[in-house]
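First comes the structure, then the notes that go with it.
FYI, it's all coordinate maths here, none of it is from the lab. Predicted, not measured: the structure shown is a model, and the values here were computed from it. Backbone-built Cβ (ideal geometry, glycine too); neighbour counts: all protein chains shown.
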Amino acid sequence: AEAALRRAQTLEAVGQLTAGVAHDFNNLLQAIRSGLYLLSPRVPETSRRVLDASLQAVDRGAKLVRQLMVFARREGLEPRPVDPRALIAGLGELLQKAVGAPVAIETAIAADLWPALVDPTQAELAMLNLAINARDAMPEGGTLTIGARNARLAVPQGGAPAGDYVVLSVTDTGTGMPPEVLERVLEPFFTTKAIGKGTGLGLSMVHGFVTQSGGDLRIESRPGQGTTVSLWLPRAEAPAELPREELAPARPAPA
Ligand code: ADP
């Protein structure tokens, strides 16, 4: 209970600081963006690529700031019914890149998965966070398994109320965690990684995101054997929406 309180207080302080900085940064980026747009008709063709690259950088910055605001202020989440398979498929290449060579990637995806009610962009980000932790736990290589299954809780369990969940998991065959690490991993800024390698914010942000989504985060770990981190996401009542690119082209409205 004491650890939970300390965690909540640190998270609150970090959240306020981050939200404040993110807010000011957002204003700055919008000012830069309007400036670049005003300049764009006057820029000679030879400099256009520079301008475009700058605009892209500003857009990336704006996206990052929005994500920071989601984690810090716990606002801006856009939950909708999502097909877990599509979500995992969407991770594909990014996951390969993030994880790299000596680690094999496998999947264990159950049939007839329910749709999950979650913000898909944030869920992907959370899974990438977990995958990077899994990779870091396997410096000599190993296997990373992405799992997905349905789960029904008849009674509340951990931080999750009774109900239906879609459970997305990342399992590694890495170092695992001793109990004294395991009990602190959700604390903001707690890291065992070298300076510059870890921020200690990954799991606390993922935890904030899933609880805010009405779900829960579970961690099972055995020193020397490996770790499974699971996102318990609430089941969506409505069927999953198709990803945007798979939607049929818009038809003109009937006269
Ligand atoms: P960071 O990755 O920046 O250290 P996290 O909050 O994501 O921050 O993780 C905190 C700590 O939890 C890590 O430094 C590591 O000690 C431990 N940890 C997280 N995931 C794993 C894992 N899959 N295997 C072993 N240890 C892990």
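For the chain, the longest principal axis of the C-alpha atoms and the axis of helix 48-73 are separated by about 40°. One chain, two ends: residue 93 and residue 154. Fully extended at 0.36 nm per residue, the span grows by 18.3 nm beyond their Cα-Cα distance.
Backbone geometry of the stretch 181-188 corresponds, through the Karplus equation with coefficients 6.51, -1.76 and 1.60 at θ = phi - 60°, to 3J(HN,Hα) couplings of 7, 3, 6, 10, 5, 8, 5, x Hz, x marking Gly and Pro.
If you build a Gaussian network model of the chain, linking Cα atoms that sit under 10 Å apart, which residue out of 79, 239, 41 swings the most? Fluctuation is largest for 41. Pairs of Cα atoms nearer than 8 Å and 6+ residues apart set the relative contact order; for the chain it is 19 percent.
Please give the calculated 222 nm ellipticity per residue for the chain, where each DSSP H segment of at least 4 residues contributes -39500 (n - 2.57) and the sum is spread over every residue; nearest 500 deg cm²/dmol?
That calculation yields -15000 deg cm²/dmol at 222 nm.
The GNM of the chain, with springs linking C-alpha atoms under 10 angstrom apart, assigns the highest mean-square fluctuation among 129, 27, 150 to 27. The label-point distance for residue 193 and residue 241, in a model that sets each label 7 Å from Cα toward Cβ, rounds to 3.2 nm. Cα centroids of the stretch 77-155 and the stretch 159-226: 14 Å apart.
Nearest 0.05, what FRET efficiency do residue 10 and residue 49 give at R0 = 45 Å with Cβ-Cβ as r?
Numbers: r = 44 Å, r/R0 = 0.97.
So the FRET efficiency works out to roughly 0.55.
By its C-alpha gyration tensor, with a ≥ b ≥ c as the square roots of the eigenvalues, how is the stretch 170-210 shaped: rounded for a/c under 1.5, else prolate for a/b larger than b/c, else oblate?
Numbers: a/c = 1.40, a/b = 1.11, b/c = 1.26.
It comes out rounded by the Cα gyration axes.
In the chain, taking the dipole from charged Cβ atoms about the Cα centre, the farthest positive-side position among 25, 94, 228 is held by 25.
Exposed loop sites here are GluC sites (Glu not before Pro) assigned a DSSP state other than H, G, I, E or B and surrounded by at most 13 other beta carbons within 10 Å; excluding them, the longest clear run of the chain is 1-74.
By the rule of a C-alpha distance below 22 Å, with chain neighbours fewer than 8 residues away ignored, the lysines paired with residue 63 are 97.
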